Structure formats: C-alpha cells, structure tokens
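Just so you know, all these numbers are worked out from the coordinates, no wet-lab data involved. Values in this document were obtained by computation on a predicted structure and should not be read as measured data. Cβ sites come from the backbone with ideal geometry, for glycine too, and all protein chains shown count toward neighbours.
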Amino acid sequence: MKKKLEKRFTYLYSGELASLILFVFVSYLLNRAYPSLQLYSLYSFWVSFLFLEFLLLQGTIYWYKKLKRLRSENTSITPIRTVRQLQRFKKLNMVLIIVSIIVFVFDFVKWYPLLPVAGLSIAGFVYIFAVLEYVNYFFVQLSYDNISDIKYLLKTKKLKQACISKDFKRNS
C-alpha cells in the first residue's frame, strides 16, 4: 500500500512541477510566435498567469510534503505546518481571484477601442483554468485521472472532496 501511495504522490508532485515549468515556456513561445496577441502587454494575462503558477507551486509543495512525510515517517497525513500555510494561501488565492477581475476591467478600459481580443481571450482562459485549479485544490476534486477515482465518480455520481479540504477539516 505504501509503495502505491508513494507512486501516486510522486506522480502528482512531478506533474504539478512539470506543469509549473512547462507553462512558462509555453507562454514565452506563444508570445514570441504570435506577437499580435500582445500577451505580455496585458496586465490581465500576467496576473492570471502568475496566479496559475502560484497555484501550481502550492500543489507541488503539497504533494511533495505528503510524499516526503510518507517516506520519512511512514504516514500520509499532511504536516500541520503545511496545512496552516495552505489555509493562508487559500485566503490569498481569493484575493488574487478578485484582483484578476479588476485587472481585466483595467485592461479593457486601457485598450478600448483597440482591444487585443485574442490576447484577452487567452488571458481569460488562463484565468478560468486558474480558478478551476483553485476549486480542484481547495474544494472539490475536478481531476479524475485513475481507475479508482473514475469508479468512485460512476458509483456515487458525486465529486470527491479535495484532499487539501480534507486536511483543513482534520486540522480544525
């Protein structure tokens, strides 16, 4: 059982870290290949992108801490210090969600009537993806990538509670 859990945590940790790194290169290549999108000129893109990267960093840290504790202490219970840190991040994430909306309005006003619609659309997609990641991490699991998760979903017809959310309940 420990080996299976260790493999799962390694998969989740490395996937979050790979996404964190890969998205930096993808955004750079996208901006370089399509300068007409004006991505790097849009504050809304930067705020949304940095919010997404911050969330991926939180996920990377979370799964790494669980993996590290499993290996060193033979338990998968998240360290209390990590849970408290994630509780603070949860509040900061809400602030970033609100700030992002304000920045989109700012970009709209700043660029009107010559709106870079394609660039704003990509920034909007990044923002929505970040909000979905936030929900996935802190409320309900939205990602079902293994047989066990899919069987649970088909059997109960309900979304699972997010692992971090379970840790918050355990901590309170």
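Run down 109, 105, 126 and say which single residue is assigned to a helix (DSSP H, G or I) and in contact with a Leu (Cβ under 9 Å, 6 or more places away or on another chain). Steps first, answer last, please.
Working: 109 fails: in contact with a Leu (Cβ under 9 Å, 6 or more places away or on another chain); 105 fails: in contact with a Leu (Cβ under 9 Å, 6 or more places away or on another chain).
One residue alone meets the criteria, 126.
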Failed condition for residue 50, given (1) buried (at least 18 other Cβ atoms within 10 Å of the Cβ); (2) closer than 22 Å to residue 105 by Cβ: (1)
(1) within 30 Å of residue 172 (Cα to Cα); (2) over 19 Å from the mean Cα position of the chain (by Cα) all hold for residue 116 apart from (1)
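Among what's in region 59-84 and is free of Cβ contacts under 8 Å to residues at least 12 places away in the same chain and either over 11 Å from residue 13 (Cα atoms) or touching a His at 6+ places or on another chain (Cβ under 8 Å) (or both), pick the residue that is surrounded by the most Cβ atoms within 10 Å (Cβ to Cβ).
So the residue we want is 69.
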Just need a number here: residues in region 1-33 that are without any contact (Cβ under 8 Å) to a residue 12 or more places away in the chain and either over 22 Å from residue 68 (Cα atoms) or in contact with a strand residue (DSSP E or B) (Cβ under 8 Å, 6 or more places away or on another chain) (or both). 8
Report yes if residue 60 is more than 26 Å from residue 123 (Cβ to Cβ) and in contact with a helix residue (DSSP H, G or I) (Cβ under 6 Å, 6 or more places away or on another chain), otherwise no. no
Just to check your reading of the model, which residue among 72, 44, 48, 27 is farther than 17 Å from residue 130 by Cα and among the polar types (S, T, N, Q)? 72
Only one residue in 6, 16 is more than 15 Å from the chain's Cα centre (by Cα) and among the charged types (D, E, K, R), so which one is that? 6
